[in-house]
Each structure stands twice: as C-alpha cells, then as structure tokens.
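Here, each number is a calculation from the coordinates, and none is a lab measurement. Just so it is clear, the structure is predicted and the values come from calculations on it, not from any experiment. Glycine gets a Cβ as well: all are built from the backbone with ideal geometry, and neighbour counts include every protein chain shown.
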Amino acid sequence: MSEDKANPDLDTNLDPDDWDAYRAQVHSLADTLVDRMMTMGEKPVWTQIPDSIKAALTSSIPQEGVGADAALAEAKELILPYANGNPHPRFMGWVQGGGTSGGMMAAMIESTMNNNVGGREHAAVYVEKQVIRWMCDLFEFPGDASGLLTSGTSMATLNALVIARTRLLGKLTDGEKVKAQSNLRVYGSTAMHSSLAKALEIIGLGAHSFRQITTDAMGRVDVGLLQKTIIADMEDGLKPLAIVGTVGTVDIGAVDDIEALADFAQQHDIWLHIDGAFGALAILAPEIAPRLSGMKRADSIAFDFHKWGQATYVCGCLLVRSDDAHRAAFAGRASYLAGAARGLASADHWYCDYGPELSRSFKAMKVWFLLKEHGAKALGASIGKSCKLAALMETLVAKEAKLELLAPVQMNIVCFRYSGGSRDNFNALNSHIVAELQERGIAAPSTILLDGVLAIRCCFINHRTNASDVRAVIKAVLEIGDNSL
Ligand SMILES: Cc1ncc(COP(=O)(O)O)c(C=O)c1O
C-alpha cells in the first residue's frame, strides 16, 4: 500500500464531490437572486423578522454540515426575505446606496479569486491602484497622491487623523510625543458625523480635543468662528491637528465652504481633511461639481463608494495628497512580509504599508466593475437625478398645507414633517408616521431631530428611486397623518 493511500484523510478537502451538482446549485441561486432583483420594487421595502426566524438564527454551532442544498434552502427561508431594504427604490432612510445588478457579478469574481490585498504581486493590487488613480484624477489630486480603500468613511477618517498626527509628531514612540498629543485639537462643525469623535477617542486624543464650531442657517460651519477659535487656541499653546470640513452633512446635506477652509488651513499649515462620505462623489454631477471645487485643495478626503457611488457594501476610500505622509504613518513589515526581487513577493506597492490592516479584501473589484460597466457619466447622472427628486419632494411639501419643510434642501436630503390639525405632540406623530411607513413596507425614510423638532428625513441616494416613489411617500405620509388625528 502506498504511503498516501494509508492516509486517506490527507486527500480530503471542502470542495464539492460533484461539480456538476454544484454548477446547477449556482445557476439556480443566480436565478433566485436575479428574480429577486427584478421584482424588488413590487415587494415591501422592509419586513419585520418573525420571532421564529430570530430563534432559528440563535441555534448552536453545527457540528455536522447539512450540505449546500439544505444550507441554501435555509438561507432562502431565514435570511434573504429579511433584508435591510436599501436596494429598494423607496428606501430613503439614512444615506445608504442601492447597489447595482453588476455588483453581484463583481462579488462572484471577488469571492472566487479570494485575494488578500494586503500586498504581493497580483492583479487585485493593480486594480485598487487604478481605482485610487481614477479618484485622484477625479478630485484633481497630484500625480503622486496616494489612497486606500477602506470599509467606509469612518475608517478612512480614522486613518487620515493618524496620518495628520504622524506628520506633526512622527510616530508615538516615546512619552514626550504621547504628552504632546494632549495639546492637539481638531476643528469641525457641530454637524460633523459622529465617526469623527469616535476616531479621536480611538487615537487617544479624546472627545475634548474636538472643537465643535456652530453652523450657519444653511448648516455650514461658521468659518469666521472656526478661524477665531483656532487662533485663540494657538495663542494658548494648543496645536491644531486638523480642520475637518464636510461635503454633505448627514443631517441635512449641507456643504461647508471648503475654499475658505482651505485658504485658512494653507495659511497656518494645518491639515485639511474632508468628510465627503456621501457628498464627495457629487463631483461626478456637472451641475453640483462647481460647489465642491475646494476639495482639490484638501490634504485628505474620505468618502464612500457604497453610498452615492452605488457599489455594494462595503467600500470607502481615503485619498491622501502626499504619498510620503501616507506611508510614514503605516509603513513597516515583519521579515516574513519582506519584498523580494522575484516571484509573488516582488510587488513594489504593499497596501499594508498604507493602513492598519494586513489582510484586506478585494473591494476594488466592485468599484472597477461598476465604473467599467456604467462609466463615470452615468453615475454622475444618477447623482444629479437624486438631487432633482429631492427638489421635487421639496416642491410637493411646499404645496401641501399639512406638510412643513424643516431644513433647506441643498443636495439630496429632505427633512419635513406632517403638521396638520392640532396635536400636542407632533414629534410623536411624525415618529409614528415613519414607523408605519416602514412596518407597512411602503417606504423607509428615517427620522432626525432638528433643534428638538422631529423630522421625517428622506435621503435620495438610490439610483432606482423615481418621481412616482416620491409622490407615493408624500401621499402615504398625508394618509397616515390624517388618519392618526
Ligand atoms: C457625513 C458622514 N460621515 C461619515 C459617515 C460614516 O460613513 P461609514 O458608515 O461609511 O463609515 C457617514 C455615514 O452616513 C456620513 O454621512
């Protein structure tokens, strides 16, 4: 008996025994998923998860596998019907992208290749480099600028702050530098996304390091006050780490005056970071781009492809003007990760030198596929359409005496409320309207408190949303509001 036959376990693996059966399963799953995509708009936006399903999802770890057929059957029963709903045309809550049909194909390539994009010499690294280059060109960053795909804007901003801190202090390798960081301050508006405060906690600066500057009537940072605050802080011996401007605040979609922030940041050699989580990609829409021109002067920009970029979740992006500054913050590899003159380790660009993660997924695949399939112009047109739909909703709200607009519509977010009849508590009523819309599966807007007033918040991000969806939401808000009086 040969040595290998004596050890049959060494010949087993987790691949299918019957590849033809596997092929049939994949084709059948593809049919199910395509049917689901095609008919999504006819189904409820969101479906409450029954307790029985939740219970089924708390079972203990399977010791013996049930096989792919049974696992697929369970996935179809327990998981697929209870989605977040963001691909649906009447999902308007928060700022979540709808994805595209091509995203499924890109995901198939991504998972089949199963690349680790932390480094080494393979196509995925070049695809990410190409996506970053496309973005640098789009935002008019210099030819030697750098970037990294991240899980989202929260992580991109966290990385940007580490890079800005390294530029100021170098790596925190001794107590003096750690002490010096307690004098650092970061400046942004009261409308900044909560991920900034979290990032400051994580990098050890703490919430107190964030100077929150009030906003004007349009929700933009008060630049004069920001300048005064920074100058006073510097006179007190504090050191500005970064100014953070927002392109598309999460509450009402305001755009800070980035040119003015850039002028001041340049004058005082302060790092300018832009949180453009959803708004930055509006640069693709010719009618909006002129308002965003200041972004090209930033030191770093964070934004998401999974929002207005329509890539499937998750994919954020960090662009950094200086490749040197970017590398200085994160470069450094153990000997088992050393580059080589030849072979798989011969790459000159290792993404693990540009961020905290070593193992990284092939997020660039979906962005590359999306831009190849549709092109930048079509994405820009879809962003422009979202803004037109927001303007339509604003007009419909203005025409209806029982509805009240609660914030200026600047890009794609509409905040309004039902205020018909006499009611003690309009906040409770509007919260009820939103819950009803979601629970009945009609639409999924979200709520937000604006100066204590609860608004129904509709964010137009999804490329599938049409004028009829806008009208349907307004009609349903009126009906539910009227019937709740
Ligand atoms: C303005 C802004 N910044 C940051 C974020 C966080 O982005 P992500 O969820 O991709 O981490 C969001 C999310 O909605 C946002 O709207």
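Key figures
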| read-out | value |
| --- | --- |
| Cross-link reach list, lysines versus Lys179, counting only Cα pairs under 19 Å and skipping chain neighbours closer than eight places | Lys171, Lys239 |
| Cα-based radius of gyration of the chain once divided by 2.2 N^0.38 Å, which approximates compact folds | 1.08 |
| Protection proxy ranking of 160-166, 193-199 - average other beta-carbon atoms within 10 Å, highest first | 160-166, 193-199 |
| Set of aspartates and glutamates with alpha-carbon distance to Lys54 below 19 Å, sequence-local pairs under 8 removed | Glu74, Glu77, Glu439 |
| Ordering of 407-417, 117-127 by burial proxy (mean other Cβ atoms within 10 Å per residue, highest first) | 407-417, 117-127 |
| DSSP bridge orientation in the chain - percent antiparallel, rounded to nearest 5 | 60 |
| Counted charge near Asn86, where neighbours are those whose Cβ lies closer than 13 Å (Asp, Glu -1; Lys, Arg +1) | +2 |
| 23 Å Cα cut-off, lysine pairs counted over the stretch 375-483 (separation 8 or more, or different chains) | 9 |
| R0 of 60 Å, Cβ-Cβ distance Ala70-Ala391: FRET efficiency to nearest 0.05 | 0.75 |
| Cα-centre dipole for the stretch 335-485 with unit charges at Cβ (Lys and Arg positive, Asp and Glu negative), debye to 20 | 560 |
| Peptides ranked, highest mean first, by Cβ atoms within 10 Å: ranges 27-33, 317-323 | 317-323, 27-33 |
| Computed E for Lys129/Ala107 - FRET, C-beta separation, R0 25 angstrom, nearest 0.05 | 0.75 |
| Viscosity 1.002 mPa s, 20 °C: Kirkwood-radius Stokes-Einstein D of the stretch 375-483 over Cα pairs, µm²/s | 151 |
| Positive-pole candidate from Met234, Ser361, Gly147, dipole of the stretch 116-361, charges at beta carbon | Ser361 |
| Rg to Rh, two decimals, where the stretch 305-367 supplies the alpha carbon set and Rh follows Kirkwood | 1.03 |
| Length released on extending from Ala217 to Arg291, taking residue separation times 0.36 nm less the Cα-Cα span | 24.9 nm |
| Debye, to nearest 20: dipole size of the stretch 119-168, +1 on Lys, Arg Cβ, -1 on Asp, Glu Cβ | 220 |
| Estimated dipole of the chain in Debye, rounded to 20 [Cβ of Lys and Arg +1, of Asp and Glu -1, Cα centre] | 1100 |
| Bridge type composition, the stretch 116-361 - antiparallel percent by DSSP, nearest 5 | 45 |
| Charge sum, other residues only, whose C-beta stays under 15 Å from Thr214's C-beta, Lys/Arg counted +1 and Asp/Glu -1 | -3 |
| Pairwise centroid distance, computed over Cα atoms, of the stretch 1-62 with the stretch 350-410, Å | 32 |
| Charge tally in the Cβ shell below 13 Å around Val255, where Lys, Arg are +1 and Asp, Glu are -1, Val255 excluded | -4 |
